[in-house]
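Okay, handing you the structure first.
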Ligand SMILES: [Zn+2]
Ligand SMILES: [Zn+2]
């Protein structure tokens with residue numbers, strides 16, 4: 001089978017390997033599509049661990065079941081989540097499934113950018129979902145990234161009637177726009193610098209789309225006028241730019257929550273003023289990955305059309321062109337979501 005092996009963003013090689021055999025409880029899936037994630041472009045994170053096979057947003061067809069594998073049949077159309085929790089450790093018992101050591105160490109093998117992959121017994125039991133007939137393999141690849149968005153909305157404790165600011169509208173940001181609408185937010189103000197993405201944010205349902213002013217204090221005053229009241233109840237920062245994170249803290253109302261969603265590099269930092277946090281009771285939150293509850297909600301939203309998956313997929317590539325797909329995803333041209341398709 002063809003397996004894409006990543007060395008760096010410009011160097012991805014196709015290797016030929018034997019198709020693996022599913023052991024007891026396992027499942028062999030023939031990959032049909034796999035999304036390219038911004039995480040697949042982060043060389044500072046990936047290159048030290050290379051060579052490796054990426055791809056954590058896969059859909060496909062169940063080709064073969066191991067002995068005693070229950071719940072699925074050969075030929076089923078499925079999404080498999082790459083990380084699954086143990087359900088019994090201290091983190092899992094507290095509901096922090098994405099902090100579970102098992103969660104962080106589980107992977108599909110060798111990855112979604114391969115013609116076939118193995119799902120372990122834990123994957124099959126806990127987070128393999130049947131795709132409804134109306135949901136394409138391509139749109140099914142959005143279950144994992146949308147689940148991350150839903151995880152963040154839950155971590156930020158977004159409630160119906162909230163006034164929300166969202167900073168950054170890449171593919172994830174545009175999923176936020178649609179999911180936040182589904183959550184019933186009262187007012188949604190979006191910040192974005194690229195014009196074509198601003199247009200997309202409007203199409204997907206943002207009330208107001210702004211280019212941030214140079215002076216953050218002036219921007220905070222403008223945002224208060226636009227939002228009404230003292231600012232946003234929830235701020236979601238979905239841009240990697242550190243200035244976006246600083247701006248996010250200024251746009252928050254007293255008692256509000258600021259959620260950091262994007263992944264900066266480990267040595268980057270921003271100034272923090274504890275006195276400001278104290279007098280304004282600001283809650284700072286962060287969100288990592290998504291759990292098996294989030295993936296189920298994501299599947300529901302995509303199936304119901306509450307999130308328009310088709311509109312987010314702008315590029316499709318064969319696995320041989322994975323490097324180009326990664327470079328498109330890392331760029332700032334008219335690319336939202338790239339999907340690798342397998343015949
Ligand atoms: Zn991802
Ligand atoms: Zn656990």
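Bear in mind that the values in this text are calculations on the coordinates, not laboratory data. Values in this document were obtained by computation on a predicted structure and should not be read as measured data. For neighbour counting, all protein chains shown are included, and Cβ atoms are generated from backbone atoms with ideal geometry for every residue, glycine included.
Just how many % of Cα pairs in region 137-185 lie over 14 Å apart, if you round to the nearest whole percent? Each step should come with its number before you reach the end.
On the way: 585 of 1176 pairs.
More than 14 Å apart: 50 percent of the Cα pairs in region 137-185.
Which translational diffusion coefficient, to the nearest whole µm²/s, is obtained for the chain from the Stokes-Einstein equation, given a Kirkwood hydrodynamic radius over C-alpha pairs, 10 °C and 1.306 mPa s? Mind dumping the intermediate values first?
Values: Rh = 20.8 Å.
Taking Rh from Cα pairs, D becomes 77 µm²/s.
Within a 10 angstrom radius of the beta carbon, how do 10, 123 rank from fewest other beta carbons to most?
Details: 10 10, 123 24.
So the ranking, lowest neighbour count to highest, is 10, 123.
Using Cα springs under 10 Å in a Gaussian network model of the chain, which residue among 198, 328, 94 shows the largest mean-square fluctuation?
In the Gaussian network model the winner is 94.
Just order 64-70, 126-132 by mean Cβ neighbour count inside 10 Å, highest at the front, would you? Could you put the intermediate results ahead of the total?
Values: 64-70: 14.9, 126-132: 19.9.
The peptides rank, most packed first, as 126-132, 64-70.
Still on this structure: Going by C-beta contacts inside 10 Å, put 197, 13 in order with the fewest on the left. Intermediate values should be presented prior to the final figure.
Values: 197 21, 13 12.
Placing the least packed residue first, the sequence is 13, 197.
Using 1/(1 + (r/R0)^6) with R0 = 41 angstrom and r between the beta carbons of residue 52 and residue 334, what's the FRET efficiency to the nearest 0.05? Could the numbers behind the result be given before it?
On the way: r = 29 Å, r/R0 = 0.70.
So the FRET efficiency works out to roughly 0.90.
Using a ≥ b ≥ c from the Cα gyration tensor of region 157-286 (square roots of the eigenvalues), is it rounded, prolate or oblate, where a/c under 1.5 gives rounded and otherwise the larger of a/b and b/c decides, a/b for prolate? Don't jump to the answer; show the numbers that get you there.
Numbers: a/c = 1.43, a/b = 1.20, b/c = 1.19.
Taking the square roots of the gyration eigenvalues as a ≥ b ≥ c, region 157-286 is rounded.
Run the simple label-point estimate for residue 293 and residue 222 please: 7 Å along Cα→C-beta, distance reported in nm.
Placing both labels 7 Å along Cα→Cβ, they lie 3.9 nm apart.
Now, a different point. Any chance you could give the angle, 0 to 90 degrees and rounded to 10, that helix 171-182 forms with the longest Cα principal axis of the chain?
Between the helix axis and the principal axis of the chain, the angle is about 70 degrees.
Which length gain, in nm to one decimal place, applies between residue 186 and residue 308 when the Cα-Cα distance is subtracted from 0.36 nm times their residue separation?
Details: separation 122, 0.36 × 122 = 43.92 nm, distance 2.04 nm.
Value of the extension gain: 41.9 nm.
Measure nothing but the geometry: give the 0 to 90° angle between the long axis through the Cα atoms of 143-155 and the longest principal axis through the Cα atoms of the chain, rounded to 10°.
Here the helix axis deviates by roughly 40 degrees.
Please arrange 281, 115, 125 by how many other C-beta atoms lie within 10 Å of their C-beta, fewest to most. Present the calculation step by step, with values, prior to reporting the outcome.
Values: 281 10, 115 19, 125 16.
Placing the least packed residue first, the sequence is 281, 125, 115.
Starting from the Cα-Cα distance between residue 104 and residue 87, subtract it from 0.36 nm times their residue separation and give me the gain in nm to one decimal. Display every interim value, and only then the final one.
Values: separation 17, 0.36 × 17 = 6.12 nm, distance 1.29 nm.
Contour length minus the Cα-Cα distance gives 4.8 nm.
So, one more: Restricting to DSSP H runs of at least four residues, report the calculated mean residue ellipticity at 222 nm for the chain, -39500 (n - 2.57) per run over all residues, nearest 500 deg cm²/dmol.
Working: 14 runs with 113 residues, N = 343.
Per the formula, -9000 deg cm²/dmol.
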